[in-house]
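J.: Okay, handing you the structure first.
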Amino acid sequence: MATQNQTDFELGKYYLDQTPNEIQRLELQYAFIKAGFGHRDILELPLDFSKAGELNILDIAAGSGAWILDVVKIPQVQSRLSPTGAADPVNIFACDLSPTKFPKSVTDPLGIHFFVQDVTKPFPEEMYGTFDLIHIGLLCFALTSEGWGQALPNIHRLLKPGGLLLQTEYNTGVSPPKKSIADIPICDIDTYVNTGSSVVDRANSIMMWSAYRNDFLVGFCARYPPMLESASFTILSVKYFDLPYGAARSNDQRSTPDHALFNLEAFMDTGSRSLLSQDDLEIPRGHKITTEEERKRALEDLVRDIRDKEGCFSGLAEWVIQKPL
Ligand SMILES: C[S@@+](CC[C@H](N)C(=O)[O-])C[C@H]1O[C@@H](n2cnc3c(N)ncnc32)[C@H](O)[C@@H]1O
């Protein structure tokens, strides 16, 4: 049984909770991703809030609750939360593998029902076919390809026919900019991780290599849509943007703190520590690192070069997906 003091990493379940200040990291990440997609209203969705009848919404792998707390601020939702006694309530549920990051003292009074749930395991049967909208986001560094193969049928079972799944994910590593998601090919690991010394090569020797070592979907944005289709989902739309880091930011962007680079650094710190512990850290590939001191120096050099010299990007995709009627 998890206690509030244990992280999922200590429990051996979730790789990124080694990151210090994980809650703060998730909050900042949510804000810069939302801004990157240009969302003012997070629910720019084909979901009709004016329609009479109960609506059920679920945030899976809710983390710090950033998305669900944004949803409850929407006026059409706020006035129909279950504690308001509205005739047509909007019932909100959230779950995560771990309860440690979820702000129950804030969400309980709003009537948000939180439960502990591994998305790769069956959900309670009474929830099957009950949800109008499910959100899941940023699990590309949490679920293996086998894990997605288990999670997608579970999510499918939870949705009503015609229900929507909203999902945001990174394309796993960093790259030069792409024009659209269609420019992301399915490649094998050797295409992503090679022995060059550019910031992309060095960053991917940590990001892509640790994704590969953990059997996550390397090049997520290209590999995931066929999995959705195999699980009988229909993709209604996809938005894509390239998140810039460091020197790749525009002059306007450079006047604000580079939270995205802080986030990337935290990812790379976690990934490189994990690879070093497996005696498999090379930055770039071909240049083996064997001590903590070398690891820290290589990471500092890399972050400084991204900030001051080359810059790089991470692709992010947001899909609106439907369980067909
Ligand atoms: C990167 S965080 C994203 C949190 C949130 N979705 C967001 O966008 O800010 C990933 C979350 O997934 C949770 N998680 C990891 N593996 C999971 C699993 N198998 N089932 C459910 N949740 C999982 C972690 O505990 C963590 O809170």
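J.: Exactly one of (1) outside any loop (DSSP other than H, G, I, E, B); (2) surrounded by fewer than 17 Cβ atoms within 10 Å (Cβ to Cβ); (3) in contact (Cβ under 8 Å) with a residue 24 or more places away in the chain is unmet by Glu293. Its number?
T.: Going through the list (1) outside any loop (DSSP other than H, G, I, E, B); (2) surrounded by fewer than 17 Cβ atoms within 10 Å (Cβ to Cβ); (3) in contact (Cβ under 8 Å) with a residue 24 or more places away in the chain, Glu293 breaks only (3).
J.: So, of the residues in the stretch 263-290 that are outside any loop (DSSP other than H, G, I, E, B) and free of Cβ contacts under 8 Å to residues at least 24 places away in the same chain, which turns out to be nearest to Asn194 (Cα to Cα)?
T.: So the residue we want is Lys288.
J.: While we're here: Among Ala66, Ala86, which is the only one that is of a type in the set (A, V, I, L, M, F, W, C), within 24 Å of the chain's Cα centre (by Cα) and either more than 26 Å from Cys140 (Cβ to Cβ) or within 15 Å of the ligand (Cβ to nearest atom) (or both)?
T.: Step by step, each of Ala66, Ala86 is checked, and only Ala66 is of a type in the set (A, V, I, L, M, F, W, C), within 24 Å of the chain's Cα centre (by Cα) and either more than 26 Å from Cys140 (Cβ to Cβ) or within 15 Å of the ligand (Cβ to nearest atom) (or both).
J.: Same structure, new question: Out of Ile155, Ile112, Ile134, report the one residue that is surrounded by 21 or more Cβ atoms within 10 Å (Cβ to Cβ), at pLDDT 95 or above and more than 12 Å from the ligand (Cβ to nearest atom).
T.: Of Ile155, Ile112, Ile134, the one residue that is surrounded by 21 or more Cβ atoms within 10 Å (Cβ to Cβ), at pLDDT 95 or above and more than 12 Å from the ligand (Cβ to nearest atom) is Ile112.
J.: Would you mind stating whether Phe37 is among the aromatic types (Phe, Trp, Tyr) and within 11 Å of the ligand (Cβ to nearest atom)?
T.: When the stated conditions are applied, Phe37 does not pass them.
J.: Let me ask something else. Restricting attention to the stretch 172-194, does a residue exist that is buried (at least 17 other Cβ atoms within 10 Å of the Cβ), within 16 Å of the ligand (Cβ to nearest atom) and in a loop (DSSP other than H, G, I, E, B)?
T.: For the stretch 172-194, residues buried (at least 17 other Cβ atoms within 10 Å of the Cβ), within 16 Å of the ligand (Cβ to nearest atom) and in a loop (DSSP other than H, G, I, E, B): present.
J.: If you don't mind, there's one more thing I want to ask. When the residues of the stretch 15-45 are filtered to those that are part of a helix (DSSP H, G or I) and of a type in the set (S, T, N, Q), which remaining residue is modelled with the highest pLDDT?
T.: If we take residues in the stretch 15-45 being part of a helix (DSSP H, G or I) and of a type in the set (S, T, N, Q), then Gln29 is modelled with the highest pLDDT.
J.: Restricting attention to the stretch 46-85, and to residues there that are touching a residue at least 12 places away in the same chain (Cβ under 8 Å), assigned to a loop (DSSP other than H, G, I, E, B) and polar (S, T, N, Q), which single residue is nearest to Asp96 (Cα to Cα)?
T.: Checked the stretch 46-85; the qualifying residue nearest to Asp96 (Cα to Cα) is Ser64.
The values are calculated or read from the model by the stated rules, or taken from the named source; none is laboratory data. On a predicted model such as this, the values are computed, not experimentally measured, just so you know. Because the Cβ atoms are built from the backbone with ideal geometry, glycine has one as well, and the counts that use them run over all protein chains shown.
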